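As structure tokens, the structure follows; a few thoughts come after it.
The values are calculated or read from the model by the stated rules, or taken from the named source; none is laboratory data. The shown structure was predicted, so the numbers you read here are calculated from the model rather than taken from an experiment. Methodologically, a virtual Cβ is constructed for each residue, glycine included, from the backbone with ideal geometry; neighbour enumeration extends over all protein chains shown. The protein model used for the area step is the full one, side chains on, heavy atoms only, and it has no ligands, DNA or RNA in it. Shrake-Rupley method; radii C 1.70, N 1.55, O 1.52, S 1.80 Å.
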Amino acid sequence: MLQQTSTAVFVDNNTYPEKAMNSVSIYKTLGALACSFFFVSGASAKPASAPPIVELIVPYSPGGASDTMARVIAPALQKATGSQIVVVNKPGANGAIAGAYVARSEHNGSRILLADLAIALNPILRKATPYNVEKNFSPIALLGTGAFVLYVPASGPATLNDFLAPNGKDRTIAHSGVGSLGHLAAELLQQKTHRKIISVAYQGAGPAMTATVGGQVDAMFGSTASGMGMVQNGTLKALAVADHTRLPGYPDVPTFAELGVDGVYAVNWWGLIAPAGTPKDIVDWLYDGARQVLDNQQVKDQLKRIEVTPTLKDAQAYKDLISHDVAQWESVVSQAGIKID
């Protein structure tokens with residue numbers, strides 16, 4: 001059996017394994033988890049052409065949800081594949097820099113992207129995006145999802161019906177910036193309900209949430225990580241979740257469809273994608289590694305702590321999800337007349 005003694009390596013933007021990034025406080029919380037994946041017995045069999053080192057590209061700076069997720073899964077993915085996993089941060093342009101970097105890479109499995117929904121939204125919102133998400137990538141595996149929730153102030157409407165009911169004024173929904181998922185979700189809700197909604201842009205999710213809590217706006221679409229803590233302490237109310245099913249961690253929050261509003265779907269996701277043309281045996285090998293990662297209860301528990309719902313889909317199912325989201329958000333952007341460049 002393969003004897004594995006190396007560990008997953010984490011590096012910053014333009015470094016390589018021998019220049020590993022120094023530890024920072026956020027990674028200390030992951031140390032015990034990472035140690036649990038060091039092993040001395042076999043990884044899964046891999047193709048003869050599989051690379052000995054795989055760069056896992058993160059499209060954002062260290063410290064965010066995607067970066068934290070990468071550092072949770074990397075040791076387990078290394079164990080499952082038998083190849084060294086090197087986490088590399090390539091931030092900029094809402095993920096487009098990392099996307100282009102991976103799209104131009106050799107299609108041999110040596111460089112893969114931990115993508116989120118932004119990889120699909122960029123070409124819709126920015127004409128200059130240097131890749132086509134459906135033509136330039138080979139999906140490998142969906143790893144997790146994070147549905148958005150409609151939050152209102154504690155003193156706001158008690159139900160979705162109350163929120164949508166005519167009341168003589170337009171509703172306002174805060175978001176973190178033009179083209180953000182929260183912005184698109186607000187436009188989608190308006191299109192599905194024909195209720196006049198004014199989207200109010202803030203410089204980030206934090207200020208948008210502060211305005212919502214303070215009642216300066218009527219509502220906000222946000223992640224469970226950004227809002228459910230405040231629901232639990234009574235400063236916000238969660239009216240509905242924009243997913244097909246209720247969230248496992250918050251079963252008391254109904255879906256929009258359950259409340260009579262169909263088609264309001266706003267879900268961020270994270271998954272592994274490779275350059276287009278990556279051989280099927282390499283994709284299958286990496287998918288099997290991802291499957292083993294999500295079979296690990298410690299990994300699943302850690303993902304849940306950062307409000308990512310572990311959700312495994314294979315290459316075809318992940319490709320179908322991307323195609324669905326591209327079609328939905330292209331329609332929303334077109335109808336709303338949203339333009340960034």
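Tell me, please, whether a residue that is crowded, with 18+ Cβ neighbours inside 10 Å, assigned to a helix (DSSP H, G or I) and modelled with pLDDT of 95 or more can be found in segment 48-58.
no
Tell me, yes or no, whether segment 247-258 has at least one residue that is small (G, A, S), open to solvent by 10 Å² or more (accessible area, probe 1.4 Å) and closer than 30 Å to L189 by Cβ. Spell out the reasoning first.
Taking segment 247-258 first, the residues small (G, A, S) are 249, 257.
Keeping just the survivors that are open to solvent by 10 Å² or more (accessible area, probe 1.4 Å) gives 249, 257.
Pick out the ones that are also closer than 30 Å to L189 by Cβ and you get 249, 257.
Checked segment 247-258: at least one residue is small (G, A, S), open to solvent by 10 Å² or more (accessible area, probe 1.4 Å) and closer than 30 Å to L189 by Cβ.
Please go through segment 139-177 and pick out each residue that is open to solvent by 40 Å² or more (accessible area, probe 1.4 Å) and either polar (S, T, N, Q) or under 15 Å from the mean Cα position of the chain (by Cα) (or both).
S155, T159, N161, N167, S176
Given (1) over 25 Å from R246 (Cα atoms); (2) out of contact with any Pro (no Cβ under 9 Å at 6 or more places or on another chain); (3) modelled with pLDDT of 95 or more, identify the lone condition not met by S323.
The failed condition is (1).
Condition check: over 16 Å from G144 (Cα atoms), touching a residue at least 60 places away in the same chain (Cβ under 8 Å), small (G, A, S) and crowded, with 21+ Cβ neighbours inside 10 Å. Does A315 satisfy that? First the steps, then the outcome.
Details: over 16 Å from G144 (Cα atoms): no; touching a residue at least 60 places away in the same chain (Cβ under 8 Å): yes; small (G, A, S): yes; crowded, with 21+ Cβ neighbours inside 10 Å: yes.
Judged against the criteria, A315 is not a match.
For a quick check of your reading: which strands (runs of 3 or more DSSP E) sit entirely within segment 66-163 and have at least 3 residues that are touching a Gly at 6+ places or on another chain (Cβ under 9 Å) and closer than 17 Å to I282 by Cα? Don't jump to the end; show me each part of the working.
On the way: elements: 84-89, 111-116, 137-153.
Ranges flagged: 137-153.
Could you list, ordered by first residue, the pairs with Cβ atoms under 7 Å in which the first is in segment 263-281 and surrounded by 23 or more Cβ atoms within 10 Å (Cβ to Cβ) and the second is among the basic types (K, R), at least 6 apart or interchain?
V264/K192
I'm checking my understanding of the structure. Among residues of segment 227-246 that are under 21 Å from the mean Cα position of the chain (by Cα) and buried (at least 21 other Cβ atoms within 10 Å of the Cβ), which one is nearest to E187 (Cα to Cα)?
First, the residues of segment 227-246 that are under 21 Å from the mean Cα position of the chain (by Cα): 227-229, 238, 240-246.
Cutting the leftovers down to buried (at least 21 other Cβ atoms within 10 Å of the Cβ) gives us 227, 238, 240-243.
Values: G227: 20, A238: 18, A240: 16, V241: 15, A242: 13, D243: 16 Å.
Applying the filter and picking the extreme gives A242.
Which residue out of A100, A120, A93 is open to solvent by 10 Å² or more (accessible area, probe 1.4 Å), farther than 19 Å from A74 by Cβ and of a type in the set (G, A, S)?
Numbers: A100 fails: open to solvent by 10 Å² or more (accessible area, probe 1.4 Å); A120 fails: open to solvent by 10 Å² or more (accessible area, probe 1.4 Å).
On inspection, the qualifying residue turns out to be A93.
Please specify each residue of segment 82-111 satisfying the condition of being polar (S, T, N, Q) and in contact with an Asp or Glu (Cβ under 8 Å, 6 or more places away or on another chain).
Residues of segment 82-111 polar (S, T, N, Q): 83-84, 89, 94, 105, 108, 110.
Residues satisfying the conditions are N89, S110.
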